[in-house]
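The values are calculated or read from the model by the stated rules, or taken from the named source; none is laboratory data. Bear in mind the structure is a predicted one, so any value in this text is a computation, not a measurement. Note: ideal-geometry Cβ built from the backbone for every residue, glycine included; neighbour counts use all protein chains shown. Please note that ligands, DNA and RNA were not included when accessible areas were found on the heavy atoms of the full protein model with its side chains. Shrake-Rupley method; radii C 1.70, N 1.55, O 1.52, S 1.80 Å.
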Amino acid sequence: MNTETGTYDVSPVVSVPELGKDHKYHVFISYSSGDSVWVSNLIHILEKTFPTVKICFHERDFVPGKTIIDNMIECIQSSQKTVMVLSPDFVRSRWCLFEANLSLFQDCITHKDIVPIMLKPCQLPLHLCHLTYLETDDEQFFHKLSQVLFSNNDQVAHSLIHYQSSLLYSGKTLLTLTAVNEESESWQPGVFSSTPVPDSLRAVVDNPQTYKQAIEIINDVRPPTSCIRFTACRVIICVFCVLLTMFGIVLSAAIGITSQYIQVCPRVLLALPLGIAAAICVPTIFIKTVCWNKQKAKTIIQAMKKKACQANLLLNNSSLLVGTSSKSQLFFVYVKLSDCKKTFQTVFGCVLSKNMWEKSISTYSSDYACCLAKKHFPFNSTEPPGHLKDGICFCQYVAAQMKND
Ligand SMILES: [Zn+2]
């Protein structure tokens, strides 16, 4: 910033375009009154740096007598772009309005260029999480802002501006997806909807086909075809087992009594081991049959974990990992893996690292995603800091798990 003139030095290529006939303003700034000091300073700098710019903001331009919503819609429609100054105050006051009138706003907002500025960190509602924002502590903030404000959409798309992706940070849980057959029997694998891509993943998943493929891999776990899955079948087997055990015990006892009086004959030698075998094996089968549901549920979760790891072979290219620790929920976590990948290359060399990377993803990625989602790791990080701020990065996790195994 040039302190003498109170203006920012901006690239000479940035110039204020002429207003079209549909527009009264270049930009409408939506903000909460709690942030008005910062905003009026920004407006002041913008007007000083670009003397021809027309800025609309509520303190000056809202028409008295109209509702806030009507005023806002009108201002958004008559401005080329809309800047939203995001802060906890803004979220509390404006989002409530937006949400209440979302149907009204949706059309208005989707056909307009929204430029969000993150003034103070805050949680955005889900339907707006796909927006990318500018950060005020960025050294290039004013330059980026003016470039976005005064360029048309195509220019913005091709310019060198990289927004910070809205509230995306490595290790963030983006979504907990619930199975469509959540209420089904415990041994039935979870089935998840593969289309459309959920809103909260849109910022990360660029190709809906990849997402669909990944979900289809997870949905591919086969349910057991065993007849024991029917309760009636299990009851019959259990009754049969109980009877057989009782018969075995009674038979052995009877033989024991009679053998005191009668000389041991070959028939007894045969019946005794049979009775003992029945007394041991049959209760085992009985217990296994009773516990079948639980055992099968465990096997299904294991199979689903394996499939989630396979799905991650596709998803990790978009910095996304999916994990499951139950049959009815999937956790999607955004995690930047490029630095961990580089570590693999350093450790294993160029040729081996690709193989090791895929092996690690297809073995550990589901559990790792669950740990990130639940913010709990089975061990503490003792290593020097890894590639994840506030947590254990994938290469650290794999190294620790390999040591344990
Ligand atoms: Zn790492």
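Considering Lys375, Lys296, Lys341, the condition of being surrounded by fewer than 23 Cβ atoms within 10 Å (Cβ to Cβ) and either acidic (Asp, Glu) or within 13 Å of the ligand (Cβ to nearest atom) (or both) is satisfied by Lys341 alone.
Filtering the stretch 25-42 to residues that are buried (at least 18 other Cβ atoms within 10 Å of the Cβ) and aliphatic (A, V, I, L, M) leaves Val27, Ile29, Val39, Leu42.
Hey, does the stretch 35-52 have a residue that's hydrophobic (A, V, I, L, M, F, W, C), within 34 Å of the chain's Cα centre (by Cα) and modelled with pLDDT under 90? No, the stretch 35-52 contains no residue that is hydrophobic (A, V, I, L, M, F, W, C), within 34 Å of the chain's Cα centre (by Cα) and modelled with pLDDT under 90. Within the option set Leu174, Leu124, being open to solvent by less than 30 Å² (accessible area, probe 1.4 Å) and at pLDDT 80 or above holds for one residue only, Leu174. Does Phe348 meet the test of being within 16 Å of the ligand (Cβ to nearest atom), buried (at least 17 other Cβ atoms within 10 Å of the Cβ) and either assigned to a helix (DSSP H, G or I) or free of Cβ contacts under 8 Å to residues at least 60 places away in the same chain (or both)? Against the criterion (within 16 Å of the ligand (Cβ to nearest atom), buried (at least 17 other Cβ atoms within 10 Å of the Cβ) and either assigned to a helix (DSSP H, G or I) or free of Cβ contacts under 8 Å to residues at least 60 places away in the same chain (or both)), Phe348 does not qualify.
When the stretch 323-338 is limited to residues that are touching a Cys at 6+ places or on another chain (Cβ under 9 Å) and open to solvent by less than 30 Å² (accessible area, probe 1.4 Å), the one that is farthest from the ligand (Cβ to nearest atom) turns out to be Thr324.
Figure legend. Inter-residue proximity from the stretch 69-84: first residues touching a residue at least 60 places away in the same chain (Cβ under 8 Å), second residues surrounded by 20 or more Cβ atoms within 10 Å (Cβ to Cβ), beta-carbon distance below 6 Å, spacing 6+ or different chains. Indicated pairs: Gln80/His26; Lys81/Val27; Lys81/Val115; Lys81/Leu149; Val83/Val27; Val83/Ile29; Val83/Val115. Checked against the criteria, Ala214 does not count as surrounded by 14 or more Cβ atoms within 10 Å (Cβ to Cβ), touching a Cys at 6+ places or on another chain (Cβ under 8 Å) and over 20 Å from Lys298 (Cβ atoms).
If only residues of the stretch 307-316 that are in contact (Cβ under 8 Å) with a residue 60 or more places away in the chain and open to solvent by 30 Å² or more (accessible area, probe 1.4 Å) are counted, the one that is farthest from Ser186 (Cα to Cα) is Leu314. Remark: pairs (first residue in the stretch 394-405, aromatic (Phe, Trp, Tyr); second residue near the ligand (Cβ under 8 Å from one of its atoms) and in a helix (DSSP H, G or I); Cβ separation under 6 Å; 6+ apart in sequence or on different chains) = Phe394/Cys340. Considering the stretch 386-405, the residues that are at pLDDT below 85 and more than 10 Å from the ligand (Cβ to nearest atom) include one that is least open to solvent (accessible area, probe 1.4 Å), namely Gly391. Residue-level check: of (1) of a type in the set (Asp, Glu); (2) at pLDDT 90 or above; (3) within 11 Å of the ligand (Cβ to nearest atom), Glu383 misses just (2).
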